[in-house]
Amino acid sequence: MEFSQEQLSIYKALLTATKSLAQGNTPDEVLRAACDALVASSERICVAWMYLGNPGTETIRPSYSVGRASGYTRDLVLDLSPEAMKGPGRRSLANNEPVLVQVNADSSFGIWRENAIRYGLQEGLTLPIGDPKHPFRGLIVIFVDMQDYFEQIGVEPFIAFAQLATVALDQARLKVSLEVMASIDPLTELLNRRAIQEVINREYAYAKRYAKPFSMILFDLDRFKMLNDNYGHDLGDRILLGISEVAKQTLRTSDWLSRWGGEEFLAILPDTDEHGALMIAERLRDAIEKFSIELNTQKIRTTASIGIASYPRDGDVSDFLLKAADAALYEAKKSGRNRVVAARDKREVYSIAAKLNTAIESNRLVPAYQVIVDLKTRRQVAEEALARLIDESGKIIVAADFISAAMELQLTHLVDYQIIKQTMNHCAANIAGGGPNLAHFVNISADLLLHQDLIQDLFAEAQAACIACGVDMGPTKPLVLEITERQLLGDAHAVKAKLAPFIDYGMRLAIDDFGSGYSSFQYLADLPVSFLKIEGSLIQQVKDKRVRQIVKRISDIAKDLQLTTIAEFVEDADTADILCELGIDWAQGYFFGRPVLAKQ
């Protein structure tokens, strides 16, 4: 090969690449761009990898690798052992100088030689990046497939490029330092929720790329609110600070710890499977149990409930892993507190939720419509949209078989969003096609109300659907938003505020499961309710005299308030006749019709 031409080509390529270095917003972006540029500069360079961190206290492993021989870095580890410390990467960082290594001849390369030869690597050049006085530094390592390549070309273009990368890295570090305050919890000085999310994204990308495990430990202090209320916020802050220190001392130096929110903490354990995470979590639980705060002569103690999720065993999407860890934590709380629960203990829940996620992505979560009739005329006046999941084999799964899993993993907002959106289009198409003017009932969960972006999107969809149907419906729109009474739990005013745009637009509100045991007639005063759907278990027992009296009282109150009553689970003619005699207005159930999937 013509070495002078190769050298000129490399200079041009690396000079052109300096622009992309300067555009990096983070140190990680800068070094990734540097690796890409180096590999693109010459066909002889078969792999370039990078590291970014504190090499004095942690194991070095490639966080990014590019090139046709990037498989070499999959299991590459530069730990703190004597053999690794003699290697070119560690020496380069220690001396802050480039180190050139001959793969076949350099004795310090012995523990990596066999794997390097397998990938055709002949020479390597390590380039330290960053200020040697700064503990947070970078390393770029390039390998070529030709002996004496760097002797012929010279290392000058690569050293010059590394110096430019150092400048860009320092600039990026300054950008990052300006955001530190936004990334650190002010009380504990741990990473905050935003910062740990970036760590999760990075660890997830690494684990997926190199088929490595990693785990999450989500822990919550038991009965912390009671301690805070009884002893004051100052003591509460002391407890949070103390637990932060306990956790930092218990976790490994390679682990990441954050304050997830309130008294909840999240730790990310790189390169750790479920077994390793369980051992660490149990040590953490024990250390927290032994921790105490002195208050006068009293020792104040707390415990922690801990949930664990591991990649890829418990899910292959980072958001799903977080939900799995949260569900495991909830189970730890529910089963007695001060214990560790692994996500695998909720395997059936995750399996169902995974099916649900897949169904949503592939448009196999669909509504089935059940008729609602007027009990006096027995004519259809409305229909309710009920969620159905069609699995990959075509089997229809009813909501009762997946909604509990969706609630545990906080996925109900996605279910409601999909069903409501499809029902709006179904309603518009029905009216536009000259169909009967029916009320269309859709369920809206408390979980969906927490996602204001989805609520706003649904309102825009509702407006578009009303325009699309081409019929002036007047002030009252056909969509009825149905809220389960037990989900209100005293927060009726917040619900009213979030639903105000829909109500003002002419949609009506129904309370489901009225009389289910959580009843509060205050809801009827606080919310603009139009429909009361009576708890199904009462309807199923309506042939009992005492239950009939309860249903009659609900009917009388509803009439006084000019509300329409609806009975669910009507399964025979006798029940329908009794309800009609009691003054119930509408009804639904298998006696009138089973839920039917909309025609696709």
Subset of region 103-119 [touching a helix residue (DSSP H, G or I) at 6+ places or on another chain (Cβ under 6 Å) and not in a helix (DSSP H, G or I)]: Val103, Tyr119
Pair list, Cβ < 6 Å and 6+ apart or interchain, from region 141-154 residues that are over 17 Å from Pro88 (Cα atoms) and among the aliphatic types (A, V, I, L, M) to residues that are at pLDDT 90 or above and not in a strand (DSSP E or B): Met146/Arg44; Met146/Gln122
Counted residues, region 292-307 - those being out of contact with any Asp or Glu (no Cβ under 7 Å at 6 or more places or on another chain) and either within 15 Å of Asp220 (Cβ to Cβ) or among the acidic types (Asp, Glu) (or both): 2
Candidates Ile45, Ile111 - the one that is over 11 Å from Leu139 (Cα atoms), open to solvent by 70 Å² or more (accessible area, probe 1.4 Å) and modelled with pLDDT of 90 or more: Ile111
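What helices (runs of 4 or more DSSP H), lying completely within region 426-509, carry at least 3 residues that are under 33 Å from the mean Cα position of the chain (by Cα) and closer than 19 Å to Pro367 by Cα? Talk me through it step by step, then tell me what you get.
Working: elements: 446-449, 452-469, 485-488, 492-505.
Here the list reads 452-469.
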Selected residue [touching a residue at least 40 places away in the same chain (Cβ under 8 Å) and small (Gly, Ala, Ser)] from Ala354, Ala328: Ala328
Residues of region 60-95 satisfying the condition of being closer than 26 Å to Ser254 by Cα, assigned to a loop (DSSP other than H, G, I, E, B) and open to solvent by 60 Å² or more (accessible area, probe 1.4 Å): Arg74, Asp75, Val77, Leu80, Lys86
Residue check for Arg118: charged (D, E, K, R) and buried (at least 20 other Cβ atoms within 10 Å of the Cβ): no
Restricting region 309-337 to residues that are open to solvent by less than 40 Å² (accessible area, probe 1.4 Å) and over 21 Å from Ser404 (Cβ atoms), the residue that is nearest to the chain's Cα centre (by Cα): Ser318
Conditions (1) open to solvent by less than 30 Å² (accessible area, probe 1.4 Å); (2) in contact with a Phe, Trp or Tyr (Cβ under 6 Å, 6 or more places away or on another chain); (3) at pLDDT 75 or above; (4) of a type outside the set (Gly, Ala, Ser); number of the one not met by Thr484: (2)
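Quick one: is Gln540 of a type in the set (S, T, N, Q), out of contact with any Cys (no Cβ under 9 Å at 6 or more places or on another chain) and over 18 Å from Asp585 (Cα atoms)? Break it down stepwise before answering.
Details: of a type in the set (S, T, N, Q): yes; out of contact with any Cys (no Cβ under 9 Å at 6 or more places or on another chain): yes; over 18 Å from Asp585 (Cα atoms): no.
No; evaluated as a whole, the condition is false for this residue.
The values are calculated or read from the model by the stated rules, or taken from the named source; none is laboratory data. Since we're looking at a predicted model, the values are computed, not measured. In this analysis, Cβ positions are derived from the backbone assuming ideal geometry, glycine residues included, and neighbour counts consider all displayed protein chains. Note: accessible area is taken over every heavy atom of the protein model, side chains too, but ligands, DNA and RNA are not part of it. Shrake-Rupley method; radii C 1.70, N 1.55, O 1.52, S 1.80 Å.
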